[in-house]
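A quick write-up on the structure given underneath.
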Amino acid sequence: MLRCLSRRFAIAVIALVAVAPNAMSANYCARHPGLAPVPPGLQGEVARAFGIPRQAARGAMARCVGDRLLACSIGANLNCGKANLQRSLPAASGYCRANANTDFIPMFVTGHDTIFDWRCVNGEAVAGKALVTVDPQGFVAENWKEIR
């Protein structure tokens, strides 16, 4: 009888572990529909999704699209906020006045949230092609992964 109960308990625990992330995600999305830091209870799932140490997931961001939980792991050049779609940047214009025909405007000038490749032409900042895809909510799609 004890062996049978132990086996049932083990099966129940395995089933709970398999279902828990989805349940946690749905529960999280019901309570937090906007952009927020990843809560401690989901940091392990985020760490696994990105292949990063759990400690690194402490700085990650979460958001929901319907009942789908998405996470973004903040990195040196990764923007987890909304993408900047502007084709005119005052800081880039100022940079171009001092660097009239440079082929590249650094991110410390344009910001890490711009989606465009920037250059200077005759002292004017020019937005080139989009370097990333923006999702329907306005975030850089490549920076976000679904957490199951």
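The values are calculated or read from the model by the stated rules, or taken from the named source; none is laboratory data. All figures in this text were calculated on a predicted structure; none of them were measured in a lab. Here the Cβ positions follow ideal geometry from the backbone for every residue, glycine too, while neighbour counts run over all protein chains shown.
When the range 49-97 is filtered for residues that are aromatic (Phe, Trp, Tyr) and either exposed (fewer than 13 other Cβ atoms within 10 Å of the Cβ) or not assigned by TED's automatic domain parsing to the domain that holds VAL38 (or both), only TYR95 remains. Annotation: of all residues in the range 37-51 being over 19 Å from ALA141 (Cβ atoms) and not in a helix (DSSP H, G or I), the one that is modelled with the lowest pLDDT is PRO39. Screening the candidates ASP135, ASP103, ASP117 for the property of being outside the structural domain of ALA30 (by TED's automatic domain parsing), out of contact with any Ser or Thr (no Cβ under 7 Å at 6 or more places or on another chain), closer than 21 Å to TYR28 by Cβ and not hydrophobic (A, V, I, L, M, F, W, C) yields one hit, ASP135.
Within the range 45-53, one or more residues are closer than 30 Å to ALA30 by Cα and acidic (Asp, Glu).
Taking the criterion of being closer than 30 Å to ARG31 by Cβ and part of a loop (DSSP other than H, G, I, E, B), the residues of the range 62-100 that qualify are GLY66, ASP67, SER73, ILE74, GLY75, LEU78, ASN79, CYS80, GLY81, ALA83, LEU85.
Only residues that are over 14 Å from LEU70 (Cα atoms) and either among the basic types (Lys, Arg) or part of a strand (DSSP E or B) (or both) were counted in the range 118-148, giving 12.
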